[in-house]
Amino acid sequence: MAISVGIHNINTTTIGTQSYTSPSGSTSQVSGSSFIVVASTSAGTLATVSDTVNGSSTGNTWTVPTPTSGTNPIQEVNDTPWLWLFLCTNGAGGVNHEVTVNAGTAHTVNCVNFIEIKGGASSNIIDKLASVYENSAQSSVSCPITLTGSGELALGFIMNGGHASNTYTPAGGFSSLDTYTTTDVNSLASCTKTGASGTVNPNIAVGFSGQDYVAMTIGLLQTSSAGGIPPIAAPFRIAHRWL
């Protein structure tokens, strides 16, 4: 199975609380999927992620991967929020799969995007991860990565302090995935590209230029059984019987 996006959701109202749990009703694969949570919080420390299936803990392990370029989390300095990317590789899933992001005492969660990755590598799934902070007037935000594999899944994310007129339009063969915009806290959007290889760049066009933005791009490797050259069979010996 080629690598692809499974279930995905984003908050639909302003959060602004210490903890946020994603909507119920989403069913992920019982096993074999990886999961990404991209979240905006008011602080660059203390944030954690946990998840449940039908109200019971999955026992999944969530990490904050180190980018090949930039930082994770990364701050949008003008409005001060931080953008985080959390990863769970080869985790457990099921019915009513929910994630909870906790920003830590005295801090708030602003936006949360939860994404299931199907058909990805069962370990070391990240090929490249980059983040960038843009603090000058621009009509688009560039965050390229150069992939080492083929047939990868690339995801792009962008965050801003929040403008109702803001729209996000990806380029470079990326398609919009989830978007939340607001005037009072943050806006967050994601996009995706399948079958990715070489240098990829969502280069997301913004509807409100002259603002500060942060962006992330990640390339994810597919499972080794998805396409490619099949393994060579072990040599065998034919036994002959002489008459």
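Every read-out reported here was derived from the displayed coordinates using simple, explicitly stated rules and does not represent laboratory data. All of these numbers come straight from a predicted model, not from anything done at the bench. Note: ideal-geometry Cβ built from the backbone for every residue, glycine included; neighbour counts use all protein chains shown.
Protection proxy ranking for 111-118, 129-136, using the average of other Cβ atoms within 10 Å per residue and placing the highest first: 111-118, 129-136.
Which of the three applies to the stretch 101-161, rounded, prolate or oblate, going by the alpha-carbon gyration tensor with a ≥ b ≥ c and a/c under 1.5 meaning rounded? It comes out oblate by the Cα gyration axes.
Label separation (T167 vs Q75): 3.3 nm, computed from points 7 Å beyond Cα along the C-beta direction. What number comes out for the charge environment of H97, summing +1 per Lys or Arg and -1 per Asp or Glu over other residues with Cβ under 15 Å away? Charge balance near H97 sits at -2. Remark on the stretch 49-208: Rg and Dmax equal 16.0, 46 Å (Cα only). Summing charges over neighbours of G44, with a neighbour being any other residue whose Cβ is under 15 Å away from its Cβ, gives -2 when K and R count +1 and D and E count -1.
What is the stretch 4-220's relative contact order, in percent, from Cα pairs under 8 angstrom and six or more apart in sequence? Computed value for the stretch 4-220: 26 percent relative contact order. Label points 7 Å out from Cα along the Cβ direction at T146 and M1: separation in nm? In this crude label model, T146 to M1 measures out at 3.3 nm.
The Cβ shell under 14 Å around L155 holds other residues with a net charge of -1, Lys and Arg each +1, Asp and Glu each -1. Each of W82, W62 was scored by other Cβ atoms within 10 Å of its Cβ. Listed from fewest to most, they are W62, W82. Taking other C-beta atoms within 10 Å as the exposure proxy, H97, H107 rank H107, H97 from fewest upward. With N as its number of residues, the stretch 1-110 has a Cα radius of gyration that, divided by 2.2 N^0.38 Å, comes to 1.08.
Our note on the geometry: Cα centres of the stretch 113-153 and the stretch 61-105, 14 Å apart.
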